[in-house]
Amino acid sequence: MHRSGFIAVVGRPNVGKSTLVNALVGHKISIVTSKPHTTRHAILGVLTEPESQMVFIDTPGMDGGTGRMMNRAMNKAATAALSSADLVVFVVEAGVWKDKDQQALDQITQAALPAVLVVNKIDRVRPKDKLLPVLAEHAGRYDFAAIVPVSALKSDNLTSLRNQLVSLLPEQEAFYDADTITNRDLSFRAAETLREKLMHALRDEVPYGLGVEISSLKEEHDGRLIIDATIWVDRESHKGIVIGKQGQLLKEAGTAARQELQRLLDRRVHLQSHVKVKRNWSDNAQSIRQLGYDGEL
Ligand SMILES: Nc1nc2c(ncn2[C@@H]2O[C@H](COP(=O)(O)OP(=O)(O)OP(=O)(O)O)[C@@H](O)[C@H]2O)c(=O)[nH]1
Ligand SMILES: [Mg+2]
């Protein structure tokens, strides 16, 4: 008996969806930062086991989708993931319930899909018996197939979650080869890795106005990857901030990205990046497509 299917991982921004997908798949599929609105695309993470294949769809945090075109596209990507899923993993933070959690749940309710509620970040709950009333309260919110407390960060209770998810998938063949872990190519992963390091280093509104485009990616005969990245900022004043004093910030983020890509891809990487002002790119359909959007805008 073989089970497989698509599992949409949804929830409001910053609850730990990407951390969870990475931990379940056992590879870094999606970037993670402490800031909300980190994930901007639907990204597949595939976990293949002898008797199952779980295809997780990591999604941008749902927040109602108003504002700039980029933000609307992010919300559409999350909604679209629901329409192609067999099962939903709805992620919330232990002890927190915000309007945006309710809005995300409203979308799941509309889609009428089987859903597992994952109560994440339980490592922050002390003493542990504080969790019980929290879980009981969630049970009344939807007819969840299961409610599973976890810590994605500490990999706590993930085996139990994985087993419960598999049991809820249809009996069918695998969709992907056993060695496929994501649907995203090298360019996308390189751009995302650099964006993660920049987001870590930057504060205030600067991280949200960043776009990273890979202008060229070449493989040398010796296996080395030569990557050219263009970092978009949407304001002139942000350019200097991204570059940093004597180019320090950009240099450090670039080095961190290069080192991580080398580890991830197990090959030498040469990464060069420069910053370009592209006013209002996040409200421009062509620019958003250039960053890898293939869905409806
Ligand atoms: N303490 C704790 N922190 C966690 C846990 N899971 C995720 N985090 C942290 O929560 C923050 C957000 O994590 P992400 O995985 O980027 O969250 P997300 O839901 O994908 O966020 P968006 O992509 O912005 O919607 C990061 O600082 C993570 O380290 C957890 O189990 N415990
Ligand atoms: Mg994310």
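The values are calculated or read from the model by the stated rules, or taken from the named source; none is laboratory data. From a predicted model like this one, the values you see are computed outputs, not experimental measurements. Counting neighbours? That spans all protein chains shown, and the Cβs are built from the backbone with ideal geometry, glycine included.
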Review point. What residue, of Ile57, Ile31, is part of a strand (DSSP E or B) and surrounded by 19 or more Cβ atoms within 10 Å (Cβ to Cβ)?
Key: Ile57
Review point. Looking at Leu265, Leu249, which is the one that is in contact (Cβ under 8 Å) with a residue 24 or more places away in the chain and in contact with a helix residue (DSSP H, G or I) (Cβ under 7 Å, 6 or more places away or on another chain)?
Key: Leu249
Revision key, fill the gap. From the option list Val46, Val88, Val116, single residue qualifying as surrounded by 24 or more Cβ atoms within 10 Å (Cβ to Cβ), of a type in the set (A, V, I, L, M, F, W, C) and either within 15 Å of ligand 1 (Cβ to nearest atom) or not in a loop (DSSP other than H, G, I, E, B) (or both) is Val88
Exercise for review: May I ask you to verify whether Val212 is part of a strand (DSSP E or B), within 18 Å of the chain's Cα centre (by Cα) and either hydroxyl-bearing (Ser, Thr, Tyr) or buried (at least 16 other Cβ atoms within 10 Å of the Cβ) (or both)?
Suggested key: yes
Check your understanding: Which condition number in (1) part of a loop (DSSP other than H, G, I, E, B); (2) among the small types (Gly, Ala, Ser); (3) surrounded by 16 or more Cβ atoms within 10 Å (Cβ to Cβ) is the one that Ala178 fails?
Key -> (3)
Point to revise | Members of segment 106-122 found to be more than 21 Å from Gly5 (Cβ to Cβ) and either among the acidic types (Asp, Glu) or away from ligand 2 (no atom under 16 Å from the Cβ) (or both), listed by number | key: Asp106, Val119, Ile122
Check your understanding: Hey, does segment 250-261 have a residue that's outside the structural domain of Asn14 (by TED's automatic domain parsing), polar (S, T, N, Q), surrounded by fewer than 20 Cβ atoms within 10 Å (Cβ to Cβ) and over 11 Å from Leu271 (Cα atoms)?
Key -> no
Exercise for review: Among the residues of segment 92-113, count how many are more than 17 Å from Gly64 (Cβ to Cβ), crowded, with 16+ Cβ neighbours inside 10 Å and within 14 Å of ligand 1 (Cβ to nearest atom).
Suggested key: 2
Point to revise | Considering residues of segment 260-297 that are aliphatic (A, V, I, L, M) and in a helix (DSSP H, G or I) only, the residue nearest to Pro207 (Cα to Cα) | key: Ile288
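Residue by residue, here is whether (1) without any contact (Cβ under 8 Å) to a residue 40 or more places away in the chain; (2) within 16 Å of ligand 2 (Cβ to nearest atom); (3) within 26 Å of Leu131 (Cβ to Cβ); (4) among the acidic types (Asp, Glu) holds:
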| site | (1), (2), (3), (4) |
| --- | --- |
| Arg12 | no, yes, yes, no |
| His27 | no, yes, no, no |
| Thr39 | yes, yes, no, no |
| Gly45 | no, yes, no, no |
| Gln53 | no, no, no, no |
| Asp58 | no, yes, yes, yes |
| Asn71 | no, yes, no, no |
| Gly95 | yes, no, yes, no |
Review point. Glu192 versus (1) touching a Pro at 6+ places or on another chain (Cβ under 8 Å); (2) surrounded by 19 or more Cβ atoms within 10 Å (Cβ to Cβ): which is the lone unmet condition?
Key: (1)
Check your understanding: What do you reckon, is Lys17 among the charged types (D, E, K, R) and near ligand 1 (Cβ under 8 Å from one of its atoms)?
Key -> yes
Check your understanding: Would you pick out the residues in segment 149-183 that are touching a Gly at 6+ places or on another chain (Cβ under 8 Å) and within 16 Å of ligand 1 (Cβ to nearest atom)?
Key -> Ala152, Leu153, Thr182
**Study point:** Members of segment 25-52 that are under 13 Å from the mean Cα position of the chain (by Cα) and hydrophobic (A, V, I, L, M, F, W, C)
**Key:** Val25, Ile29, Ile31, Val32, Ala42, Ile43, Leu44
Point to revise | Residues satisfying the stated conditions in segment 262-297, i.e. of a type in the set (D, E, K, R) and crowded, with 18+ Cβ neighbours inside 10 Å | key: Lys278
Study note, to complete from the structure: Looking across segment 53-71 at residues that are over 20 Å from Lys98 (Cβ atoms) and over 12 Å from the mean Cα position of the chain (by Cα), the single one that is nearest to ligand 1 (Cβ to nearest atom) is Met70
Check your understanding: Any chance segment 155-171 includes a residue that's in the same structural domain as Lys28 (by TED's automatic domain parsing), surrounded by 15 or more Cβ atoms within 10 Å (Cβ to Cβ) and part of a strand (DSSP E or B)?
Key -> yes
